[in-house]
1. If you plug each phi of segment 59-76 into the Karplus form 6.51 cos²θ - 1.76 cosθ + 1.60 with θ = phi - 60°, what whole-Hz ³J(HN,Hα) values come out, in order, with x for Gly and Pro?
2. Subtract the Cα-Cα distance of Q146 and A159 from 0.36 nm times their separation in residues, and report this length gain in nm to one decimal.
3. Sort all Cα-Cα distances of the chain into consecutive 10 angstrom bins from zero, then give the percent of pairs in each bin up to the one containing the longest distance.
4. Which FRET efficiency, nearest 0.05, do Y64 and M92 yield, Cβ-Cβ r, R0 22 Å?
5. Just tell me which aspartates and glutamates come within less than 20 Å, Cα to Cα, of K162; anything on the same chain fewer than 8 places away is out.
6. For the chain, what is the charge dipole size about the Cα centre, in debye to the nearest 20, if Lys and Arg each add +1 at the Cβ and Asp and Glu each add -1 at the Cβ?
7. I want to verify a result. In a Gaussian network model of the chain, Cα cutoff 10 Å, which of these has the top mean-square fluctuation: E112, E38, E123?
8. Give the residue from S70, Q10, T111 lying farthest towards the positive end of the charge dipole for the chain; charges sit on Cβ (+1 for Lys and Arg, -1 for Asp and Glu) and the dipole is referred to the Cα centre.
Amino acid sequence: SDAIWAGMEQAKADFGCDIRMIDIHPTDNSKYKAAVLEAADSDAELIIGNAGSGLIDDLIAVAYDYPEKSFMCLDAPIDQAEIPELPNFVGMMCKQNECSYLVGYLAGKMTEANKIGGIVGVEYPVLQDFLVGYISGAEQANPDIQVATAATGDFVDTAKSKEIALAQY
């Protein structure tokens, strides 16, 4: 999300785009549809959300009612071919496994114990792909590596993340 926001700020600086952020709490999905409707009711031409946050269903639902607006959902393995009647919606997948491959490779080279860990927020395809890249990079760097992975079940429970990390350690 930070990288996406940095890109939006760069678009503002380079192209004069007017950007706004509607911040929603990642564990309170009862407010997602209202946030998407707020964006659609504004003068925004493009509304971007993230599938990982759970916004995909609300973005698609609202896109039907606002055909003059464009909607994009990041980390969404859906494209216009799957929803031909919704030409104003596009899902975009990032190659997060390539970035995580590099991190895994670095971790595989740095470990002295031949053991590393990885923790993600929730188990969904994007984060599974992230872990696949991480593990592949680690194994390429160090064939003897052992990689422990886990998911906390959300993106905000730092105490659970710490508990898992300590157990992995």
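1. Result, rounded to whole Hz: 4, 5, 4, 6, 4, 4, 7, 10, x, 7, 9, 9, 10, 10, 10, 7, 6, 10.
2. Net length gain for the segment: 2.3 nm.
3. Spelled out per bin, shortest first, that is 10, 30, 31, 19, 9, 1.
4. Numbers: r = 19 Å, r/R0 = 0.87.
For Y64 and M92, the calculated efficiency is 0.70.
5. E123, D154
6. Details: 10 positive and 27 negative charges, 132 e Å.
Dipole magnitude for the chain comes out near 640 debye.
7. Answer for the Gaussian network model of the chain: E112.
8. Towards the positive end, the residue furthest out is T111.
Computed from the coordinates by the stated procedures, all read-outs in this text should not be read as laboratory data. Here the structure is a predicted model, which means the values were calculated and not measured. For neighbour counting, all protein chains shown are included, and Cβ atoms are generated from backbone atoms with ideal geometry for every residue, glycine included.
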